[in-house]
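Visitor: Mind having a look at this structure? Questions to follow.
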Amino acid sequence: MGKLSKFRPQMPFPNWNTMTSSDGEGSHGEKEKYVGPYDNSPVPRLTVHSFIMGVFVSMGGFIFGYDTGQISGFLGMAEFQSRFGQKDADGQGYHFSNVRSGLIVALLSVGTLMGALLGGPVADRIGRKWSICAWCMMLHIGLIVQMTSADHKWYQIVVGRWIAGLGVGALSLLVPMYQSESAPRQIRGALISTYQLFITLGILVANCINFGTEKRTNTGSWRIPMGVSFIWVLILGVGIVFFPESPRYDYRHGREEQAKRTMVKLYGVSDNHRVVAEELAEIKEKHEEELLHGGEPWWKIFTGPRMLYRIALGMSLQSLQQLTGANYFFYYGTVIFKSTGINNSYVTQMILGGVNFGTTFLGLYVVEHFGRRKSLIFGAGWMFVCFMVFASVGHFSLDRTNPQNTPHSGKAMIVFACLFILGFASTWGPIIWTICAELYPSRYRSNAMALSTASNWGWNFLIAFFTPFIVGDIDFRYGYVFAACLFVSAAVVYFFVIEGQGRTLEEIDTMYILHVNPRESTKWIAPPPEELVTTERLMRGEVAGTGADLEQSESARVRAKETEPVVHNPDIGQV
């Protein structure tokens with residue numbers, strides 16, 4: 001069967017002989033009954049529909065990246081400083097105190113944390129796509145508040161960024177959720193990773209626009225970049241209306257045929273293709289189990305088998321993504337590189353933004369060809385080395401009083417900053433969003449992803465707010481803190497993260513429940529859907545034993561599977 005050998009022919013499928021095509025896209029025409037064997041033709045790796053969906057919805061990431069890039073530039077603009085900053089001691093210029101700059105940068109993260117927590121329940125109630133539309137309206141309100149800020153009303157900028165943060169935080173949850181519930185399994189990791197790709201594109205575009213306006217002597221220096229944000233938000237908020245709801249959300253709300261039509265388009269196959277039947281059967285099984293406990297209170301999310309473990313893991317991974325130190329460069333890059341003697345730090349920011357965007361394409365390839373675990377461990381080691389060199393050169397070699405006296409040190413720091421960005425953008429930047437979108441069963445996904453995303457934004461706030469204070473006390477030795485966190489990050493991935501490459505969301509759910517050893521997870525052989533050990537079956541007592549008992553029975557199943565003789569069926573190939 002070639003590439004389709006992973007699809008399991010022995011599983012029970014819906015009765016396609018009594019199912020009709022409702023959209024006329026199948027090979028038999030509209031309203032015509034299907035008969036005969038299932039379509040086993042090769043599945044296109046990428047279709048026009050899945051590509052457009054992945055790229056367009058990722059505009060939510062572009063909006064976040066654009067805001068991240070523009071605020072870094074604003075802090076260095078003379079007009080922005082004179083309008084919202086404080087006078088220097090000699091009265092000749094303006095500056096931002098650590099508290100004021102920390103609040104301006106970090107209050108967005110407080111809003112994003114709250115938006116991420118609110119986004120899940122709202123998405124469960126009104127749907128994924130309509131939630132995206134609604135939170136775009138919130139973003140527009142935040143932008144209006146910021147752009148209308150009067151002289152010296154720096155706190156209005158802070159409030160506006162908090163309001164905009166509500167929308168950014170909700171979108172940071174909804175975009176990966178929508179993509180994980182819609183994307184074909186063979187490209188799910190890459191499509192979810194486009195969210196991070198668009199974050200990097202947003203940062204780069206903001207850096208370029210800041211460079212073009214920073215020499216203006218009026219409010220256009222910062223109001224023009226901020227006003228351009230309206231365009232990006234409008235594109236996403238209006239465009240999402242023309243996209244379908246995610247298939248899994250449609251199915252759970254009684255729209256089975258609509259879910260099937262969406263999957264057929266995204267996979268680029270006929271209505272009676274085996275891959276569509278297989279995935280619908282798995283979604284149906286999960287949904288029926290969810291209905292049995294639909295009225296449970298929200299805190300039950302922590303009591304399901306292995307759910308507390310997975311929530312803790314997701315929150316830890318999102319926290320560690322922030323603790324890689326990437327936002328140290330993105331938020332304060334303009335200020336950092338001024339201290340290394342660079343004449344125009346906006347140019348350096350554009351270089352970093354370009355490296356960030358360009359190497360994220362490498363991440364889209366890495367996530368589907370090298371797996372999640374190996375990529376994250378290698379990336380953490382790469383960034384660890386870069387930060388050790390960056391911090392050591394900055395503290396021991398750079399003349400921080402007169403950086404012009406040590407030009408080679410400044411250039412070396414920029415080189416290793418670029419190498420660090422390369423490692424982050426190709427591994428920890430996109431892959432963490434992919435893992436967290438795969439980590440939870442559909443019944444708990446929205447609330448569990450909300451908690452993990454909130455963890456990301458919580459640490460985002462802490463780093464953004466406290467970085468000016470820490471750098472003021474320990475200068476570039478701050479890099480050693482991030483290096484230590486990267487060492488811990490590699491250990492967490494090695495011991496706790498299961499490999500999800502090429503797996504369905506339902507299979508990943510089962511792997512965590514069965515305590516599959518993360519270090520052996522690539523060798524795990526999935527059973528047919530009727531044999532999956534699910535949370536609901538454990539709670540109903542349909543599966544005997546827990547923990548070690550399940551692990552033992554699973555090990556026996558895998559050994560039996562490995563010793564099974566290969567049977568050849570001329571219709572469907574090897575079984």
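The values are calculated or read from the model by the stated rules, or taken from the named source; none is laboratory data. These figures come from a predicted structure and were not determined experimentally. Ideal geometry is used to build each Cβ from the backbone, glycine not excepted, and the neighbour counts take in all protein chains shown. Just so you know, the surface numbers come from the protein's heavy atoms only, side chains and all, with ligands and any DNA or RNA stripped out. Shrake-Rupley method; radii C 1.70, N 1.55, O 1.52, S 1.80 Å.
Visitor: What is the distance in Å between the Cα centroid of the stretch 107-158 and that of the stretch 486-515?
Guide: 32
Visitor: While we're on this one: Any idea what diffusion coefficient the stretch 306-497 gets from Stokes-Einstein, in µm²/s, Kirkwood Rh on alpha carbon pairs, 20 °C, 1.002 mPa s?
Guide: The calculation lands on 125 µm²/s.
Visitor: Once you have the Kirkwood Rh of the stretch 114-218 from its Cα pairs, apply Stokes-Einstein at 4 °C and 1.567 mPa s and quote D in µm²/s. Each step should come with its number before you reach the end.
Guide: Details: Rh = 15.6 Å.
Answer, rounded: 83 µm²/s.
Visitor: With every protein chain present, what is the per residue accessible area of the stretch 306-497 (1.4 Å probe, Å²)?
Guide: 34
Visitor: Under a 5 Å amide H to amide H cut-off, with H placed in plane at 1.01 Å, what residues pair with Y94 once short-range neighbours are removed?
Guide: D88
Visitor: Using the eigenvalues of the Cα gyration tensor, what equivalent ellipsoid semi-axes result for the stretch 249-293 when each is taken as the square root of five times the eigenvalue, whole Å, largest first?
Guide: Taking √(5λ) for each eigenvalue gives 20, 11, 6 Å, largest first.
Visitor: With just the Cα atoms defining each centre, how far is the stretch 235-263 from the stretch 440-463? Give it in Å.
Guide: 23
Visitor: While we're on this one: What distance in nm separates the two pseudo spin-label positions at V481 and R519, each 7 Å out from Cα along the beta-carbon direction?
Guide: My value for the distance between the label points is 3.3 nm.
Visitor: Which of the pairs K129/K374; K129/K265; K374/K523; K87/K215; K129/K260; K260/K284 have their Cα atoms more than 22 Å apart in this structure?
Guide: Going by Cα-Cα distance, K129/K374 fall outside the 22 Å limit.
Visitor: Shifting gears a bit: When only the heavy atoms of the protein chains count and the probe is 1.4 Å, how do D151, D90 rank by accessible area, highest first?
Guide: Largest to smallest exposure gives the sequence D90, D151.
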